[in-house]
Amino acid sequence: MEMEESHGREEEEEKILGTRWERDTCPRGTHKVRRLLLDSALLPLSVAPDADALASAYAPDADADADAPSPSPCILFPFADDGEILILDEKWLFCELLSVVQPRSMDPSKDLAAYGYGSVAWKERMESWKQRQEKLQMMKNEKGGKEWDDDGDNPDLPLMDEARQPLSRKLPISSSQINPYRMIIVIRLVVLGFFFHYRVMHPVNEAYALWLISVICEIWFGLSWILDQFPKWLPIDRETYLDRLSLRYEKEGQPSQLAPVDIFVSTVDPLKEPPLVTANTVLSILAVDYPVDKVSCYVSDDGAAMLTFEALSETSEFARKWVPFCKKFNIEPRVPEFYFAQKIDYLKDKVEASFVKERRAMKREYEEFKVRINALVAKAQKVPEEGWTMQDGTPWPGNNVRDHPGMIQVFLGQSGGHDSDGNELPRLVYVSREKRPGYNHHKKAGAMNALVRVSAVLTNVPYLLNLDYDHYFNNSKAIREAMCFMMDPLIGKRVCYVQFPQRFDGIDRHDRYANRNTVFFDINMKGLDGIQGPIYVGTGCVFRRLALYGYDAPKAKKPPTRTCNCLPKWCCCGCYAGTPPPLEGIEEGIEVINTFMFSYARIETENPTPQHKLEKKFGQSSVFVASTMLEDGGTLKGTSPASLLKEAIHVISCSYEDKTEWGKEVGWIYGSVTEDVLTGFKMHCHGWRSIYCIPARPAFKGSAPINLSDRLHQVLRWALGSIEIFLSRHCPLWYGYGGGLKWLERLSYINATVYPWTSIPLLAYCTLPAVCCLLTGKFITPELSNVASLWFLSLFICIFATSILEMRWSGVGIEEWWRNEQFWVIGGVSAHLFAVFQGLLKVLAGVDTNFTVTSKGGDDEEFSELYAFKWTTLLIPPTTLLIINLIGVVAGVSNAINNGYESWGPPFGKLFFAFWVIVHLYPFLKGLLGRQNRTPTIIIVWSILLASIFSLLWVRVDPFFAKSDGPLLEGCGLDCN
């Protein structure tokens, strides 16, 4: 009976995992085991010559037949708790102890070496195996890889074969760069403690209110610095091996084994989000360097615009010519607008004589394509009274944007999806979800969840990539870069998403408003990658579909405590002494063992979830629910395309998410306009980790709002989302404890939600210098002693040293760092301040704030949008601060002049802070007044300051008044006459 249950369990496991079990007896004949055959492409662990007794027990007898083939070297890890044995050899066998065979009795008269204990037989076998490996490697090198028709499952394959190596590795920052950085952080923390002790213990009684406000502000700044600094304690870089990915999953003469990917593009209003930009993004997706049968592009039109529909139809036709041209000549980037606008030598590395001719023809085709798209845009400017009609005369279903049915149109794929050369094209699908009055559609997050369900029904691939409408593939191999992590057998199973940095086109050379955000993407995100991974930033991110479904990450089962002292410190899995395994890192190697142990334990312990619970979680769609059970993806068998389309329409209906966990635990999370941060936070709370991938060639590029007003509105939206998260149940201060979120990662999420509150102390601190100089004549600090001056000076030195060392290990330039500092002040006293009050009104009073889509850089004139003036209430606070501080500087200088030059000491500190505010707000002032063909703003500012100071000096000196050498006589006030 027990054997029947065991066989039944094995059959069930084979159905679920596609694995195969073998029953066997160990070579010593002492144990009966069953072996689970796993992926042979993984690296085996090396074995030391002096393996322990248990490993020797797996070896043959010393007096065995010398001609018999020796088994592959392996390591055995005993687990005394449950009687299991883990055998790691070239096939990575997982063995479960079934029963113990009566062991052979040992003859006390014989030496233990006769039984394999302490003998040199193991060492001889290892030497023989290593020689065989070297010989096989030499044979492969001599043949140049040709006629090597092994599929990778042969245990005698050389371990040096790149197809069996890790697909990526960590590159820690060098100790010469990171250790001084950490030391200065600790020193700065100590100095900060002494600084606060002095500030608190030495109040300014003459200006107690000003002193108290300044101390509160400084304490808040110190806490904000800690939240921002310590998540950057463990920065790392990463390196991918695309050649190894191809060797492992794209073997010659066999179908590609690369995982398929669904790519999501979201758009709303085609009049604000130009259809030509969306078309270029779609074209770059269709031309990506990835197997065409494994790429599907889903475009979400949340505005149900016929203009977007017709533009996609034109794009699908142009793609039949553009895609083969890109792949034939291997061009970069594969987006026509930017490819033809490049001011580079496009003939570099091109060897085909027909390239110039075909490039000219393709450029002409693209110009005609642009004319057709622009004609559609011009036509859409005036909506007919009866609404839009399609080519067959029927009304367009989306004429009412707020009340229309769901629409799905497959432009490319299945039938008719071939280019001009007859090759298959990736699938292109148009999706517009149903909208009805009275429903909360949750903006972008709701649209993304609709795409998740539609893609699960139509293609159901294991990985998803989401892009904004204006973020195109700048690197055609970007998906392969992500797959080096997702498909890596060492780390891939625990990765929920791979985030790429955002890079931008069309930004002025000096990046006046810090649009590139380099400090965040090249410093903060690298630091998070060394902890649990970067936060999700809304675009350029490859997801694991199962992670979006709200599942927990694979739990690593802790191995039992070892019972002897023969193991080195890096190993804790059993009784083994030897050199570390030849993996890129011991941590990754142990993670593989834990992952396999988790997979096995899950099969043994988990029961299938009842159907009604799955429907309550995912919704009333049997097709979609069934798709969630397929870990490796794939559509259900026996379903027709027509039935799948019908089911896809059902899953994008308005009422589908009612009484489900969509937006709560599944998919993109609702509750904030920055749904990206919230979604990534929930995944990390489930124990997943994310990866930050920075390819040599930027993976994606987009456009940024370079105008000051548009930039401030964009920052306002981000800050408002952070306030919403802070005031919700998902606030990192109290949510997610007991899960898989690491404490340093939690600090980063706390910082991401509390940073808008810094605007209040920042505004107060920027106002204090002017108030002290202009109104009271007091200051926020008492007269400094020598010790106090030392702490102030040490703090400033630590601040500058921290920044310099950050720039050193990250590669960020000093100009980029300074622009980031300036816009931190500009955004802090404007957009962040408004976000705090709007967030409080929205959450506490229910007053919602509607945001318009920020307009991006124009193309009429280079950087013409940069100098366009658009008045908004966000400009009022920084403008007021500028005026107050300018007046304060003039008043402070005039006061020092009137009181004599010996009184210049006290005003120095006041003037220093006032100048600090003015210098940080200088880009804002330039945005108000400056233009390239006008008088530079800096000249205007300094002219006003110098003119004011010179006027005061002139009044003080008064050269036209006759000077007397005699004593100065004061009038008594009496009229002597």
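The values are calculated or read from the model by the stated rules, or taken from the named source; none is laboratory data. Every value quoted in this text rests on a predicted model; they were computed, and no experiment measured them. In this analysis, Cβ positions are derived from the backbone assuming ideal geometry, glycine residues included, and neighbour counts consider all displayed protein chains. The area values use the complete protein model at the heavy-atom level, side chains included, leaving out ligands, DNA and RNA. Shrake-Rupley method; radii C 1.70, N 1.55, O 1.52, S 1.80 Å.
Amide H to amide H distances under 5 Å link Leu412 with Leu428, where only residues 5 or more positions off or on other chains count and H is placed in the peptide plane. Peptides 437-450, 510-523 ranked from most to least packed give 510-523, 437-450, packing being the mean of other C-beta atoms within 10 angstrom over each peptide's residues. You can think of it this way: the chain between Phe355 and Phe912 has 194.4 nm of extra reach, that is 0.36 nm per residue less the Cα-Cα gap. Extent of segment 401-447 along its three principal axes (Cα atoms, max minus min coordinate, largest first): 49, 19, 14 Å.
Beyond 32 Å between alpha-carbons counts as too far, so tell me which of Lys294/Lys443; Lys435/Lys682; Lys328/Lys382 fall in that bin. The pairs that break the limit, which is 32 Å between Cα atoms, are Lys328/Lys382. Each residue of segment 252-258 is assigned a 3J(HN,Hα), and the resulting list reads 4, x, 10, x, 5, 9, 5 Hz, derived from the Karplus form 6.51 cos²θ - 1.76 cosθ + 1.60 (θ = phi - 60°), x at Gly and Pro. Using the Cβ-Cβ distance between Phe340 and Gln409 with R0 set to 30 Å, the FRET efficiency works out to roughly 0.55.
A simple spin-label model places the labels of Leu841 and Asn400 3.1 nm from each other, with each point 7 Å out along Cα-to-Cβ.
The modelled label-to-label distance for the pair Ile797/Ser622, using points 7 Å beyond Cα in the direction of Cβ, is 7.6 nm.
Taking the Cα centre of segment 199-337 as the origin, how large is its charge dipole in debye, to the nearest 20, when only Lys and Arg (+1) and Asp and Glu (-1) carry charge on their Cβ atoms?
460
Near Gly222, within a Cβ-to-Cβ distance under 12 Å, what is the net charge of the other residues, with Lys and Arg +1 and Asp and Glu -1? In short, 0. As a rough guide to protection, the peptides 327-333, 280-286, 782-788 ranked by mean Cβ packing within 10 Å, highest first, stand as 280-286, 327-333, 782-788.
Taking each residue as 0.36 nm, the span from Glu239 to Glu665 lengthens on full extension beyond its C-alpha to C-alpha distance by 150.1 nm.
Report the accessible area of Arg819, computed with a 1.4 Å probe over the heavy atoms of all protein chains in place, in Å² rounded to the nearest 10. Ignoring ligands and nucleic acids, Arg819 comes out at about 40 Å².
Residues whose amide H falls under 5 Å from that of Val401, counting only those 5 or more places apart or on a different chain, are absent, with hydrogens built in the peptide plane.
Between His197 and Gln611, the distance separating the two model label sites (each 7 Å from Cα on the Cα→Cβ line) works out to 7.0 nm. Restricting attention to segment 655-764, which chymotrypsin sites (Phe, Trp or Tyr not before Pro) occupy a DSSP loop and are surrounded by at most 13 other Cβ atoms within 10 Å? Listed in order of number, the matching sites are Trp734, Tyr737. Using only Cα coordinates, the Kirkwood hydrodynamic radius of segment 656-717 works out to 14.8 Å.
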